[in-house]
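Report on the structure given below.
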């Protein structure tokens, strides 16, 4: 399980949400393996495939809240696949879920490009505003 630097992660998530006019309420990060995320995907979304993140959105108005199920197995696999560090890929997945809570989708025509651009902007904000922050405490 990653040991996230809670204060830096929270500050970054709040900064990203603020760029979309949102405030951060209760956000739970549930780290799991591929088998667990597959169970969640089948039970709640009726999808029969692995994924890196499933976001359950409980947001109301400008207050974002939700549960982010993150498969650390898929994060690790995707890091290798996309030639990224594990930490980089974990940051991308975390902010992907937060962006969903901010109202950005990625399934419709042209939406994936919008999501990827938003991820890149959020990751740049993290790199410039929180340069010493690693995803995990080593």
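The values are calculated or read from the model by the stated rules, or taken from the named source; none is laboratory data. Because the structure is a prediction, the values reported are computed rather than measured. No Cβ is skipped: glycine too gets one built from the backbone with ideal geometry, and neighbour counts run over all protein chains shown.
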(request) Those residues that are more than 11 Å from residue 101 (Cα to Cα), surrounded by fewer than 15 Cβ atoms within 10 Å (Cβ to Cβ) and touching a helix residue (DSSP H, G or I) at 6+ places or on another chain (Cβ under 9 Å), I need them from segment 13-27; list them, please. (result) 19
(request) Could you identify the single residue in 30, 37 that is at pLDDT 95 or above and surrounded by 16 or more Cβ atoms within 10 Å (Cβ to Cβ)? (result) 37
(request) Run down 85, 71, 59 and say which single residue is in contact with a strand residue (DSSP E or B) (Cβ under 7 Å, 6 or more places away or on another chain) and either within 25 Å of residue 129 (Cβ to Cβ) or at pLDDT below 95 (or both). (result) 59
(message) Can you tell me which condition residue 48 does not meet? The list is (1) over 22 Å from residue 116 (Cβ atoms); (2) touching a strand residue (DSSP E or B) at 6+ places or on another chain (Cβ under 9 Å); (3) assigned to a loop (DSSP other than H, G, I, E, B), and all the others hold.
(response) (2)
(request) Starting from segment 41-52, keep only residues that are touching a residue at least 24 places away in the same chain (Cβ under 8 Å), then list their pairs with residues that are not in a helix (DSSP H, G or I) whose Cβ atoms are within a distance under 7 Å, requiring at least 6 positions of separation or different chains. (result) 50/71; 52/70; 52/71
